[in-house]
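Working notes, beginning with the structure itself.
Every read-out reported here was derived from the displayed coordinates using simple, explicitly stated rules and does not represent laboratory data. Just so it is clear, the structure is predicted and the values come from calculations on it, not from any experiment. Here the Cβ positions follow ideal geometry from the backbone for every residue, glycine too, while neighbour counts run over all protein chains shown.
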Amino acid sequence: MGIVTPRSYIVGRSGNREPLRLPSAAVASIVLVFSLAAGTGCTSHMHTQLTTADQGPVPRLSADVDPRFSYGYEEIPFANHVVGEGATSNYTLRELTIPSAGVSPQGDREIRAKYYRSELSGPRPLLITLPIYARFTYPSDKVSTFVQKHSKGAYHVVEVEGKNFLINWYSLADADDEELFLDLFREGVEAERLVVIDLRRLIDWAEQQPEIDGDRIGLVGFSRSAIVAGTLATQEPRLAATVLVVGGAHPHTIVARCEGVRTAAVQKNAARRFGWDRNELEARLKPIFAVVDPANYPGRVDPETVLMIEAARDDCVVKESSDALYEAMGHPEIFTLNYGHRTAFLSMTMLGGNWMCDRILEFLDKRFQRN
């Protein structure tokens, strides 16, 4: 498959386009390197699209937190110790440990994170970055490092660790009993619910630290953690900025239709063992995932506090799910990249001009009024 000279588009949801040409040789190099690294094969186009909300801001509605995400507010005990310097001399890297609200998906009762504490004086905003649990640490590492280097110490950064999957994909691919199969999903959803609670408690901790400005707390999630972050945004009005990268709502739809290696194995097992096609699997999973579906909490998020980045050729987060997240967030600012799910992350690399990282930091600066 040959490389076609691409264009970069600025596109509204109405479909109007203003083409900007990119050098084909540079694009060919980017596609080749990323294809080898990600195993995605050849690609023939690479477009960049920007979509902006076509409606005005939707006011935040006064709504209580869903009881399933409630907990008792208390002073959060924590342990942290210096392990070295951060990405620049403005930062000290600390290992942060906070007790979990339960047995965490990481196999213990603790929330662990890297805390890049700015050594500049005065309360400063905090950015929390979430991992793609047990999958791919590059996005959260990259954004954490980029913000440190390019904000020159303006932000504290907490990079949450997540060494294990939230859902046990391997057991699901082998389960030979319907009830066991569904119970494994219930356990995964319970793990996600606990993560949302723990992230709320992490925000409690942040508010209690004198060096952190509790009115300026931001969050960024990628792929699976963008779904978690979307749910958190509907339950946590203290978030002043939320960035959702290639995430979606309707997680039951994503699981039933994502063409990723793990989800495909689960889909095939459901078809082979139980005779469920994707539609049946989606229907069975819908009530199980309801509690962690951002679409089930409409009207709770101020769209001005959200930035979405989606992939037009996403073969995992289907358009229905991305659109549902866009609706749940109240029609926020949204960039649409003409990539697949994994190749969208190319835009945050040096080969992609650090485009995604630039947009994330610009959004944070705008939200936190940093000049």
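Need the list of aspartates and glutamates near K149 for cross-linking: C-alpha distance under 12 angstrom, and skip anything on the same chain fewer than eight residues off.
D358
Could you check the simple spin-label distance between D177 and H150, using points 7 Å along Cα→Cβ, in nm with one decimal?
It works out to 5.2 nm between the two label points.
Strictly over 18 Å apart at the Cα level, which of K163/K268; K114/K142; K114/K366 would you flag in this model?
Working: K163/K268 26 Å; K114/K142 13 Å; K114/K366 25 Å.
Where the Cα-Cα span goes over 18 Å, the pairs concerned are K163/K268; K114/K366.
Suppose we take every Cα in the range 61-297 and form the convex hull; what volume per residue is that in Å³?
In the range 61-297, the Cα convex hull volume per residue is 121 Å³.
Any idea how far apart V82 and F136 come out in nm if each label point goes 7 Å out from Cα toward Cβ?
Simple spin-label model gives 3.6 nm for this pair.
How large is the charge dipole for the range 244-371, taken about the Cα centre, if only the Cβ atoms of Lys, Arg (+1) and Asp, Glu (-1) carry charge, to the nearest 20 debye?
Here the size comes out at about 540 debye.
Between beta-carbons, use under 11 Å as the cut-off and find the net charge around D198, counting Lys and Arg +1, Asp and Glu -1.
+2
If the label point is 7 Å along Cα→Cβ of T92, which residues in the range 110-138 have backbone nitrogen under 13 Å from it?
Answer for this model: 115-121.
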